Amino acid sequence: MNDTFSIAIDGPAGAGKSTMAKALAKALDAMYLDTGAMYRAFGLAMLRQGVDIHDHDAVAAKADAVNIDVNYVDGGQHIYLDGDDVTGAIRSPEVSEAASAISAVAEVRTRMVALQRQIAAGHDVVMDGRDIGTAVLPNATLKVYLTASAEERARRRCVELEEKGMPQPYEQVLADMKERDYRDMNREASPLRAAEDAVTLDTSELNLEQSIQALLKLAAGAGIAG
Ligand code: DC
């Protein structure tokens, strides 16, 4: 018997996955798990330990040796590296780059997928990432592939970086985003793609409220009530 539900939200960087998954989890009283934060924490661990993020073998050798924990403070997800709260530190452009590089390493993915399943077990959950519908939760109650044009995603990411006091020029953000899309979609281990049974939601023309309403409608359609 299975009386919990799970919602998988995948898509490229900057599509609004975390904002929307968080809002959806709140509306449905479910746990929210931002899996990108876990890859970011792993990437930060490699930077701190001086491991070359482009050396697959060196990164793979660390796959089981990094201590990542997730905890919830006032409903917000906090992420810890060896007990150190790195929730803020993982948002820098250097860590984005490191996370993208280390997420191509199969051994790292195997470890992260196991951790993610362990954290979510027994809970109603909304998880966002790149491989949730295809690898982490293949039997999810609802799978959504959330996307938007690269230009719109870069624009949103610029606003977010500005708000965090880390402004970056738009052209730079757009170029980084396209490069990251390419890497995420073309890596051998679990490349980013929509699961066959995922519903694609393009939010290029939708504001936040409209996007959340669209997601709630999809959830209701899958038998998940708020
Ligand atoms: O969603 P994000 O930007 O925080 O993700 C950081 C990196 O981690 C991104 O380059 C893709 C990778 N990632 C992944 O490969 N699989 C996931 N489930 C989540 C993120």
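The values are calculated or read from the model by the stated rules, or taken from the named source; none is laboratory data. In this text the structure is predicted, and so the values were computed from the model without any measurement. Don't worry about glycine lacking a Cβ; one is built from the backbone with ideal geometry, like all the others, and counts go over all protein chains shown. For the accessible areas, the whole protein counts, side chains as well, though only heavy atoms, and no ligand, DNA or RNA atoms are used. Shrake-Rupley method; radii C 1.70, N 1.55, O 1.52, S 1.80 Å.
Would you please name the residue that is farthest from Met112 (Cα to Cα), looking only at residues in segment 192-226 that are without any contact (Cβ under 8 Å) to a residue 40 or more places away in the chain and surrounded by 14 or more Cβ atoms within 10 Å (Cβ to Cβ)?
Taking the candidates together, the pick is Leu206.
Residue pairs, Cβ under 6 Å, 6 or more apart or interchain, first in segment 30-42 and in contact (Cβ under 8 Å) with a residue 24 or more places away in the chain and farther than 23 Å from Asp3 by Cβ, second outside any strand (DSSP E or B) and of a type in the set (Gly, Ala, Ser). List them.
Asp34/Ser18; Tyr39/Ala99; Tyr39/Ser103; Arg40/Ala99
In segment 50-79, which residue that is more than 16 Å from the ligand (Cβ to nearest atom) and outside any loop (DSSP other than H, G, I, E, B) is modelled with the lowest pLDDT?
Looking at residues that are more than 16 Å from the ligand (Cβ to nearest atom) and outside any loop (DSSP other than H, G, I, E, B), I get Val73.
Give the residues of segment 83-105 that are open to solvent by 50 Å² or more (accessible area, probe 1.4 Å) and within 12 Å of the ligand (Cβ to nearest atom), sorted by residue number.
Within segment 83-105, Arg91, Glu97 qualify.
Name the single residue that is farthest from the ligand (Cβ to nearest atom) among those in segment 121-151 being open to solvent by 40 Å² or more (accessible area, probe 1.4 Å), in contact (Cβ under 8 Å) with a residue 40 or more places away in the chain and among the small types (Gly, Ala, Ser).
Out of the qualifying residues, it is Gly122.
State whether the residues of segment 111-120 include one that is within 10 Å of the ligand (Cβ to nearest atom), within 29 Å of Ala45 (Cα to Cα) and either outside any helix (DSSP H, G or I) or at pLDDT below 95 (or both).
No, because not a single residue in segment 111-120 is within 10 Å of the ligand (Cβ to nearest atom), within 29 Å of Ala45 (Cα to Cα) and either outside any helix (DSSP H, G or I) or at pLDDT below 95 (or both).
Counting only residues that are under 14 Å from Tyr39 (Cα atoms) and surrounded by 15 or more Cβ atoms within 10 Å (Cβ to Cβ), how many does segment 59-82 have?
12
Which ones in segment 37-52 are of a type outside the set (Lys, Arg) and either buried (at least 20 other Cβ atoms within 10 Å of the Cβ) or touching a Phe, Trp or Tyr at 6+ places or on another chain (Cβ under 7 Å) (or both)?
Selection gives Ala37, Met38, Tyr39, Ala41, Phe42, Gly43, Leu44, Ala45, Met46.
Of the conditions (1) in contact with a helix residue (DSSP H, G or I) (Cβ under 6 Å, 6 or more places away or on another chain); (2) within 19 Å of Gly16 (Cβ to Cβ), Pro191 satisfies every one except a single condition; which number is it?
(2)
Please work out which residue is nearest to the chain's Cα centre (by Cα), limiting yourself to segment 1-24 and to residues that are in a helix (DSSP H, G or I) and surrounded by fewer than 23 Cβ atoms within 10 Å (Cβ to Cβ). Let's see the steps before the verdict.
Taking segment 1-24 as the starting set, the residues that turn out to be in a helix (DSSP H, G or I) are 17-24.
Those left that are additionally surrounded by fewer than 23 Cβ atoms within 10 Å (Cβ to Cβ): 18-19, 22-23.
On the way: Ser18: 7, Thr19: 11, Lys22: 11, Ala23: 15 Å.
Per the criteria, the residue is Ser18.
Only one of Glu160, Glu209 is closer than 15 Å to Gly36 by Cβ, part of a helix (DSSP H, G or I) and at pLDDT below 95. Can you tell me which?
Values: Glu209 fails: closer than 15 Å to Gly36 by Cβ.
Step by step, each of Glu160, Glu209 is checked, and only Glu160 is closer than 15 Å to Gly36 by Cβ, part of a helix (DSSP H, G or I) and at pLDDT below 95.
Quick check, is Glu160 surrounded by fewer than 21 Cβ atoms within 10 Å (Cβ to Cβ), charged (D, E, K, R) and away from the ligand (no atom under 13 Å from the Cβ)?
no
Kindly indicate the residue of segment 25-36 that is on the phi < 0 side of the Ramachandran plot and charged (D, E, K, R) and also most open to solvent (accessible area, probe 1.4 Å) among those meeting that condition. Steps first, please.
Going through segment 25-36, the residues on the phi < 0 side of the Ramachandran plot turn out to be 25-28, 30-36.
From what's left, charged (D, E, K, R): 26, 34.
Numbers: Lys26: 172, Asp34: 20 Å².
Going through the qualifying residues, I end up with Lys26.
Hey, does segment 175-189 have a residue that's surrounded by 13 or more Cβ atoms within 10 Å (Cβ to Cβ), farther than 30 Å from Ala98 by Cα and of a type in the set (A, V, I, L, M, F, W, C)?
Within segment 175-189, not a single residue is surrounded by 13 or more Cβ atoms within 10 Å (Cβ to Cβ), farther than 30 Å from Ala98 by Cα and of a type in the set (A, V, I, L, M, F, W, C).
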